[in-house]
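A short worksheet on the structure shown next.
Please treat every number below as a calculation from the coordinates, not as lab data. Only a predicted model underlies this, so the values are computations on that prediction, with no experimental measurement involved. Ideal geometry is used to build each Cβ from the backbone, glycine not excepted, and the neighbour counts take in all protein chains shown.
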Amino acid sequence: MNLWQAFKMAFKSIAMKKTRSFLTMLGIIIGVASVVIMVSVMQGQAKKSMEYFEKMGDNKIEVQAYAYYDMNNETGQKLFDYCLSLSDLILGITPNVEINEKGTIQYGSKTLPVNDWDAIWANATPTGGGGMMISGDPYETMLRFVLGSESYGVCNNYTLAGGREFTYLEVEKTIPVCVLGSGAKEQLFGFTDPVNEIVTINGDPFQVVGWFESMDVEYNKSLDNIIVIPYTFNRSMNKNSSIQRYVIKAKDAQSTIEASTKLEAFLLGMFPLNADGWCETGSFRVGSDNSYAENAEKQNLMQSLVMGAIAGISLLVGGIGIMNIMLVTVTERTREIGIRKAIGAERSSIITQFLIESAVICSLGGLLGIGIGYVGTMIAGKLMADVFEGMILMPDPAIAIGAFLFSVVLGVIFGMYPAIKASGLQPVVALRAD
Amino acid sequence: MLIDIRDLYKIYNEGKESEVRALDGVTLQINKGEFVAIVGQSGSGKSTMMNVLGCLDIPTYGEYYLDGNDIGSLTDKQLARIRNREIGFIFQGYNLIQELDALENVTLPLIYRGVSVFDREDMAMEALAKVGMDDRAHHRPSEMSGGQQQRVAIARAIATSPPIIMADEPTGALDSKTGRHVLEILRGLYRSGTTILLITHDDGIAATAKRVVRLSDGKIISDKPQEVDWE
């Protein structure tokens, strides 16, 4: 008997016993589909959360330092000076200050409100706990003033789309210049180039020197709606005159750790703790997104392990299903094996036939499982996209193939084992089976 | 000599209290072209005899030469070859594969024999025609009467044109008319030179054979030729 014959026999047998074949497949279909869907959801989620941290900035150190008696913003200056001494480790430093006052920005005939929180609150919905849930369009489009240094873009991971950032002198001399985020640029200028144009901010003319590319972070669109002004305008534009928050961009992950440690030591020197363990002159905090990212990564890993375990269990359950039905099937077919042997089938012919039969059933089941898994992933992705904006689910082909191979191997092993056993019987013993 | 068994034993549960000697020292020779009936009551060991002679079962002790080959020394593969080419089986319960139609059932031994795809369908149809079942080639066993199923089973047994046909109670499940038809087919095979071994408990059926071997408690109690009038 040749292989082609064995194939034909196997297909015949599958076609003749549709219900049984389908039941056998069902275990595999469920197993493979659930693995594909679960792993996809898991990976989509992990990707989503990592995306945020990547955009928000690697190697970014945020420093918050606040002196209780500091009328001349000396803390900021000292921190600045200290950071300059870390030039081996850092690429730049900028204050990160937002102006909370409502203002306007005007270009040509277009006047837009800035920091228009009223519009946001008008659209906010109260949450159960007494807070407010901000949602909807205004938050995505509201323009914001931020104060920064000549390294604002570098420190906050913006990329220049055109023009340049401030110069050191522009900051020092309080020159009225500004850099626009992509959202702000679009709202004011549309598709025209804003560089060197003059805009009017709160009545005063400012020259646009550059604009940033979009950060493209799905759930924080406001990152693109900034208008960056030299921080030396703090005094005139911001009633809160002391700058407390700084963002430092380190060169790499190692520098981030080193610079963080040094900054902490420096700030501890500036704000010494008393015997009780707290500081009487001010407070400070040093943190980097790297630690957030690391945490997120750890969390993702844990989630992967849990989901992987669940997926593995469902595959195992599917596998046991396959095993059961295969064992039952072949036991019930012992008589058929006896007949085949009586009319001259060699042991190898019978084993080959059952091998092909289970391989075909399992492969079909596996393929169906992958198909259903992909469709399920798409549906899950659609549902999730409504809840978690921009969450994209993509099945991982490697996982799909892995689950497929696992089920096929399992099905073939358990399809073969009873066939091997039955084919080893004396024909008369097999014939007696019912 | 086609079949030559010497001092053959088939013992179940040997040495235990429940020991059963299905064959208890049987010696028998059958020549090519004979029509032999092996007759005995239920439990006399006649079915065990057929199973051993048909290489479906192995004897506990004793020698068995089939056409000069020592069956005890053959491998599983060689035994399969003998079952396929030398012997055609007809069982009381037909033993057709339910999922396959008549033609496919008859084709099966030809497939295992390695007959080319072009020839085997013709050969199977020819075998079906010999038993008058060629018009039911595409019926499944469940769509046929017992007599029709038995005729398909006979067609399967003769499809490879084996020199020996072994029939275990071939008429046992049939009414007397279809039973007579089946026996007529066996006589036809005998006339064309096939060696026939007919296992039965029914003396009336045994009367159709040219030689009757009687078994009781696993032993041969008589072995004699008989005159038959077939017409």
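Quick one: order B:165, A:361, A:30, B:58 by neighbouring beta-carbon count within 10 Å, fewest to most.
Values: B:165 23, A:361 29, A:30 20, B:58 14.
The most exposed by this proxy come first: B:58, A:30, B:165, A:361.
Which value at 222 nm does chain A reach when only helices count, each DSSP H run of 4 or more adding -39,500 (n - 2.57), with the total divided by all residues and rounded to the nearest 500 deg cm²/dmol? Before the final figure, lay out the partial values.
Values: 15 runs with 242 residues, N = 434.
Theoretical 222 nm ellipticity from helices: -18500 deg cm²/dmol.
Between the DSSP loop rule and a limit of at most 12 other Cβ atoms within 10 Å, which chymotrypsin sites (Phe, Trp or Tyr not before Pro) in region A:133-213 are left? Before the final figure, lay out the partial values.
Details: sites: A:139, A:145, A:152, A:158, A:166, A:168, A:189, A:191, A:206, A:211, A:212; in loops: A:158, A:166, A:191.
Answer in residue order: A:191.
I want to verify the translational diffusion coefficient of chain B in µm²/s; compute it with Stokes-Einstein, Rh as the Kirkwood radius over Cα pairs, at 10 °C and 1.306 mPa s.
Working: Rh = 18.1 Å.
After rounding, the answer is 88 µm²/s.
Beyond a 22 Å Cα-Cα separation, which of these cross-linked pairs lie in this structure: A:298/A:382; A:341/B:16; A:18/A:341; A:78/A:249? Working shown, then result.
On the way: A:298/A:382 27 Å; A:341/B:16 30 Å; A:18/A:341 25 Å; A:78/A:249 17 Å.
Among A:298/A:382; A:341/B:16; A:18/A:341; A:78/A:249, the Cα-Cα distance tops 22 Å for A:298/A:382; A:341/B:16; A:18/A:341.
At 7 Å along the Cα-to-beta-carbon direction for both residue A:77 and residue A:196, put a label point, then send me their distance in nm to one decimal.
Label-label distance for residue A:77 and residue A:196, simple model: 3.7 nm.
Restricting to Cα pairs below 8 Å that are 6+ residues apart, what does the relative contact order work out to for region A:100-239? Please round to a whole percent. Kindly include the intermediate steps, with their values, before the conclusion.
Values: 268 pairs, mean separation 42.4, N = 140.
Across region A:100-239, relative contact order equals 30 percent.
Evaluated at 4 °C with a viscosity of 1.567 mPa s, what Stokes-Einstein diffusion coefficient in µm²/s does region A:100-239 have when Rh comes from the Kirkwood expression over alpha-carbon pairs?
Values: Rh = 15.5 Å.
Reported coefficient: 84 µm²/s.
Give the cross-link partners of residue A:8 among the aspartates and glutamates, using a straight C-alpha distance below 18 Å as the criterion and excluding same-chain residues fewer than 8 apart.
Straight-distance partners of residue A:8: A:336, A:346, A:357, B:99, B:101, B:104, B:119, B:121.
How crowded by other chains is B:93-106, given as the mean number of beta carbons from other chains within 10 Å of each beta carbon?
Details: counts 2, 1, 7, 1, 8, 4, 7, 5, 0, 0, 0, 2, 2, 1.
Mean shielding by partner chains, rounded to a whole number: 3.
Hey, can you rank B:168-180, A:345-357 by average C-beta count inside 10 Å, highest first? Show your work: numbers first, answer last.
Details: B:168-180: 17.5, A:345-357: 22.4.
Per-residue mean Cβ counts within 10 Å order the peptides as A:345-357, B:168-180.
Run the numbers on chain A and let me know its relative contact order in percent, using alpha-carbon pairs under 8 Å that are six or more apart.
30
Let me check I have the definition right: for region A:345-398, take the eigenvalues of the Cα gyration tensor, multiply each by 5, take square roots. What are those semi-axes in whole Å, largest first? Write down the numbers at each step before the final one.
Numbers: eigenvalues 339, 13, 4 Å².
Taking √(5λ) for each eigenvalue gives 41, 8, 4 Å, largest first.
What does the structure give for A:300-310 when I average, per residue, the other chain Cβ atoms found within 10 Å of the residue Cβ?
Numbers: counts 0, 0, 0, 0, 0, 0, 0, 0, 0, 0, 0.
The mean count of partner-chain Cβ atoms within 10 Å per residue comes to 0.
Given the protein assembly as shown, what percent of its DSSP beta bridges are antiparallel, to the nearest 5?
DSSP beta bridges in the protein assembly as shown are roughly 65 percent antiparallel.
Ratio of the protein assembly as shown's C-alpha Rg to 2.2 N^0.38 Å, to two decimals? Could the numbers behind the result be given before it?
Details: Rg = 45.0 Å, N = 665, 2.2 N^0.38 = 26.0 Å.
Compactness ratio reported: 1.73.
Under 29 Å between alpha carbons: how many lysine pairs meet that in region B:77-231, if sequence neighbours fewer than 8 apart on the same chain are excluded?
6
How do A:420-426, A:336-342, A:221-227 rank on mean C-beta neighbours within 10 Å, highest first? Before the final figure, lay out the partial values.
Working: A:420-426: 18.3, A:336-342: 25.4, A:221-227: 21.7.
Sorting A:420-426, A:336-342, A:221-227 by mean packing, highest first, produces A:336-342, A:221-227, A:420-426.
Going by how many other beta carbons lie within 10 Å of each one, how would you line up A:273, A:23, fewest first? Kindly include the intermediate steps, with their values, before the conclusion.
Details: A:273 10, A:23 17.
If I rank by nearby Cβ atoms, fewest first, I get A:273, A:23.
If you take every DSSP beta bridge whose two residues both sit in region A:100-239, what share of them, in percent to the nearest 5, is antiparallel? Intermediate values should be presented prior to the final figure.
Numbers: 18 of 28 bridges.
Antiparallel bridges: around 65 percent, rounded to the nearest 5.
From the phi angles alone, apply the Karplus equation (6.51, -1.76, 1.60; θ = phi - 60°) to region B:150-159 and give each ³J(HN,Hα) in whole Hz, x where the residue is Gly or Pro.
5, 5, 5, 4, 5, 4, 5, 5, 9, 4
Pairs A:60/A:221; A:47/A:221; A:102/A:221; A:48/A:262: which exceed 24 Å Cα-Cα?
Working: A:60/A:221 20 Å; A:47/A:221 18 Å; A:102/A:221 19 Å; A:48/A:262 32 Å.
Check vs 24 Å cut-off fails for A:48/A:262.
In deg cm²/dmol and to the nearest 500, what is the mean residue ellipticity at 222 nm of chain B if only DSSP H runs of at least 4 residues count, each as -39500 (n - 2.57), divided by the residue total? If you can, show how the numbers build up before the last one.
Numbers: 7 runs with 77 residues, N = 231.
Using -39500 (n - 2.57) per qualifying helix, the result is -10000 deg cm²/dmol.
For each of B:117, A:39, count neighbouring Cβ atoms within 10 Å of the residue's Cβ, then give the residues from fewest to most.
On the way: B:117 13, A:39 24.
Least to most surrounded, the residues fall as B:117, A:39.
Please report the projected area of region B:88-219's Cα convex hull averaged over all directions, in nm². Can you show the working numbers first?
Values: hull surface 33.5 nm².
About 8.4 nm², averaged over all directions.
Taking all pairs of different Cα atoms in region A:328-433, averaging 1/r and flipping that mean, what Kirkwood radius in angstroms comes out?
On the way: mean 1/r = 0.0622 Å⁻¹.
Every distinct Cα pair counted, the radius reaches 16.1 Å.
Could you work out the mean count of beta carbons from other protein chains within 10 Å of each residue's beta carbon in A:343-353?
Values: counts 20, 19, 7, 9, 4, 3, 3, 2, 0, 0, 0.
That works out to 6 on average.
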